[in-house]
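Only one structure is covered here, and it is reproduced in the block below.
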Amino acid sequence: MTLRLYNSLGREKQTFTPIDPLDVRMYVCGPTVYDYAHIGNARPAVVFDLLFRLLREEYGQDHVRYLRNLTDIDDKIIQKSQTSGTPISDITTHFTAIYQQDMAALNVLEPTVQPKATDHIPDMISMIESLLARDHAYVAEGHVLFSVPSMETYGALSRRDREDMIAGARVEIAPYKQDPADFILWKPSDATQPGWESPWGRGRPGWHIECSAMSYKHFGPHFDIHGGGADLTFPHHENEIAQSCCAHNSPYVNYWMHNGYLIVEGEKMSKSLGNFFTVHDLLADWPGEVLRFYMLGTHYRQPLNWQAAEVQKSRDALERVYLALRDVADINAQPQKAPESVLEALRDDLNSPAALAAFHELVTQLNKAQSPEEKAQAKGQLRAAGAVLGIAQQDPLVWLQGPPKENQEAAITAAEIEKCLQDRQTARKEKNFAEADRLRDLLISQGILLEDGPNGTQWRRG
Ligand SMILES: [Zn+2]
């Protein structure tokens, strides 16, 4: 088994070698919990969930730790609280719960740890103290700033030159800054803003220090993988590296991974263009598994183009999977390890499109299987492959028969469908074919697909 990952730090695929194979550690920047997550926010959650599943498969469930943080203190949250009059903790509790529900619907496993920034303020303060003690930071007008010129290798991840960095960070040219590239570690809070006591007065942390402090607290100074969206490379990840390396005089992360951005029907997603989709809204129209399946159809480093017509194809593809599983519902799957064809694709820098192609091949094999032994084996392979991909784990009847896909209130219920089918059966027995046809047409008009077979009539929602 050789896992190769594209490392943003060397800009090449590299063989993954964990620092400690008994404790593989991965950190991913999580959401700022003040609003609904949009599909762009969901992408890293799905991408790194896939990597988490693969790492667990390769190193064992108990030997991988995955940390995804919750940013629950941030100027955007403060602003929302001030304009809406809602306490900050109400906003963050509410949107944290929604985020967790949304991710669960996308079959994203719970990370091993989900630390909240506000639970780690003392860790941030002590890290800032250590940066001050090492002359990598300075205090100015109640702020503490990281001194970028104090770190010779600053900029190694994003490979930006100095002018780019200053322009790219859109830094305020504040009078208290010694250098325009310096960034905030701590800032003062006024009476209307949340704050914590610190050696520099009452204030709050900058965003970048949150991730450095939380990863240090749970993983120590040096760990394996750090992930996030490509838009976080600079300045966020560059600044994390600066803080963590300089505070601990240690290497920080061995493999940096970044997922590509998201576009909608070929255009940038934005509220003003009216093509802005939250996960919450999409889940009203599509099962979460369809959204996940769709995302896996694009390699994580490529831009993901959200196209409604293509999402429908993902639903159709999953339908085929669950129909194959329904046909072997009475056969117990033979438990086994995930097939090499799927694992090999994923080991090549998480090549999920190739893994899905291998997965479809397993569906074909299941459909072709003849003997009960062949079917049990093929079913076991399909289920095991699905477990690594985070798909095809449901009861096929739950998938095929409900809940209704659209017009939820108006749709016929499962109990009503069963009743119709029984009445149709009775009508047929009584040779009342007009009534039997009427009932069939009624079901079809409700979008129900019927298949008459040797074991009676099976139905699913079309
Ligand atoms: Zn972060």
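The values are calculated or read from the model by the stated rules, or taken from the named source; none is laboratory data. Computed from a predicted structure; not experimentally measured. Ideal geometry is used to build each Cβ from the backbone, glycine not excepted, and the neighbour counts take in all protein chains shown.
General remarks:
- In the condition set (1) modelled with pLDDT under 95; (2) in contact with a His (Cβ under 7 Å, 6 or more places away or on another chain), E240 is compliant with all but (1).
- Contacts under 6 angstrom Cβ, first residue in the range 11-30 being within 16 Å of the ligand (Cβ to nearest atom), partner acidic (D, E), 6 or more apart: R25/D224
- Of all residues in the range 31-66 being in contact with a Ser or Thr (Cβ under 6 Å, 6 or more places away or on another chain) and not hydroxyl-bearing (S, T, Y), the one that is nearest to the ligand (Cβ to nearest atom): V33
- In the range 305-316, residue nearest to R292 (Cα to Cα) [restricted to those that are within 21 Å of the chain's Cα centre (by Cα) and among the aliphatic types (A, V, I, L, M)]: V311
- Positions within the range 287-309 being of a type in the set (D, E, K, R) and surrounded by 20 or more Cβ atoms within 10 Å (Cβ to Cβ), in sequence order: E289, R292
- Which numbered condition T2 misses (of (1) among the hydroxyl-bearing types (S, T, Y); (2) surrounded by 16 or more Cβ atoms within 10 Å (Cβ to Cβ); (3) assigned to a loop (DSSP other than H, G, I, E, B)): (2)
- Any hit, the range 135-157, residues being crowded, with 16+ Cβ neighbours inside 10 Å, outside any loop (DSSP other than H, G, I, E, B) and within 16 Å of the ligand (Cβ to nearest atom): yes
- Those residues of the range 320-348 which are within 23 Å of the chain's Cα centre (by Cα) and either at pLDDT below 95 or buried (at least 19 other Cβ atoms within 10 Å of the Cβ) (or both), in sequence order: V321, A338, V342, L343, A345, L346, R347
- The helices (runs of 4 or more DSSP H) located wholly in the range 350-462 that include 1 or more residues which are aromatic (F, W, Y), within 28 Å of A333 (Cβ to Cβ) and touching a helix residue (DSSP H, G or I) at 6+ places or on another chain (Cβ under 6 Å) occupy 352-368, 396-401.
- Scanning the range 395-415 for residues that are surrounded by fewer than 17 Cβ atoms within 10 Å (Cβ to Cβ) and at pLDDT 90 or above yields a total of 3.
For every residue, the table says whether it meets (1) in contact (Cβ under 8 Å) with a residue 12 or more places away in the chain; (2) farther than 20 Å from W207 by Cα.
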position: H226; (1), (2): yes, no
position: I241; (1), (2): yes, no
position: Y255; (1), (2): yes, yes
position: H258; (1), (2): yes, no
position: L262; (1), (2): yes, yes
position: K271; (1), (2): no, yes
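- The residues of the range 186-239 that are polar (S, T, N, Q) and surrounded by fewer than 19 Cβ atoms within 10 Å (Cβ to Cβ), listed by number, are S189, T192, Q193, T233.
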